[in-house]
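Please treat every number below as a calculation from the coordinates, not as lab data. All values reported here derive from a predicted model rather than from experimental measurement. Please note: Cβ atoms are built from the backbone with ideal geometry, for glycine as well, and neighbour counts cover all protein chains shown.
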Amino acid sequence: MAMIKQGLIPLLLIFLVALVLMVIPMPVVFDMLRPDWVTLVLLYWVLALPHRVNIGTAFVLGVMCDVLLGSVMGVHAIGLSVVTYFAARHFQRIRNFSIPQQAIIVGVLVLVKRAVIFEVNVVLHAADFTWAYFWPVLTSMIFWLWLFPLLRKLRRQLAIS
């Protein structure tokens, strides 16, 4: 019961919204530009609440992404776990950067995640490389500038701690 008081339900709902945004249908032109919503939301909560959102959370979200996207089980879990490890390890430094500087770090982390997932897919399926696969890195950086203040405001209003 104590965890509900600390905002567990709103936190779960925010992750659910990120998962829905990941799979919501979009026109093909915009679909390749879709930000990596799950990674963005996960990174925010790792930076804001590292004692509650950690690699275990990333792994579970990654498995959920694998199920929703129909990919090989564990591919997204590995990518999100790698990114979350770095963010959790350096959360105090990253939090001290300005939001535009954080956006650059987030872009690098999304790039690492997508590169890990791509490499695993190359090993498993002999996937072909296209530059369009990395467009979400740029859009994720841009959306971080908007998402960070929004999630911070939600965290404060809903008293998620």
**Fill in**
P(r) of the chain over all Cα-Cα pairs, 5 Å bins starting at 0, rounded to whole percent, reads 2, 9, 18, 23, 22, 14, 7, 3, 1, 0
**Message:** Can you tell me the orientation of helix 55-69 relative to the chain, as the angle in degrees between its alpha-carbon axis and the longest Cα principal axis, to the nearest 10?
**Reply:** 50
**Fill in**
In the chain, taking the dipole from +1 charges on Lys and Arg beta carbons and -1 charges on Asp and Glu beta carbons about the Cα centre, the listed residue (THR139, ALA127, LEU68) farthest towards the positive end is THR139
**Request:** Using only Cα atoms, tell me the angle between helix 135-157 and the longest principal axis of the chain; keep it within 0 to 90° and round to the nearest 10.
**Result:** 20
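What order do you get for 124-135, 73-84 when each peptide is scored by the mean count of other beta carbon atoms within 10 Å, highest first?
Numbers: 124-135: 10.9, 73-84: 21.4.
In decreasing order of mean packing, 124-135, 73-84 become 73-84, 124-135.
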**Asked** Within the stretch 77-111, whose backbone N sits under 17 Å from a point 7 Å along Cα→Cβ of LEU158?
**Response** none
**Message:** Going 7 Å from the Cα of ASP31 along its beta-carbon direction, which residues of the stretch 100-141 have the amide nitrogen within less than 15 Å of the resulting point?
**Reply:** 132-133, 136
**Item:** Cα gyration tensor of the stretch 26-90 - equivalent ellipsoid semi-axes, whole Å, descending
**Value:** 22, 15, 9
**Asked** What chymotrypsin sites (Phe, Trp or Tyr not before Pro) in the stretch 45-108 are in a loop by DSSP, with at most 15 other Cβ atoms within 10 Å of the Cβ?
**Response** PHE97
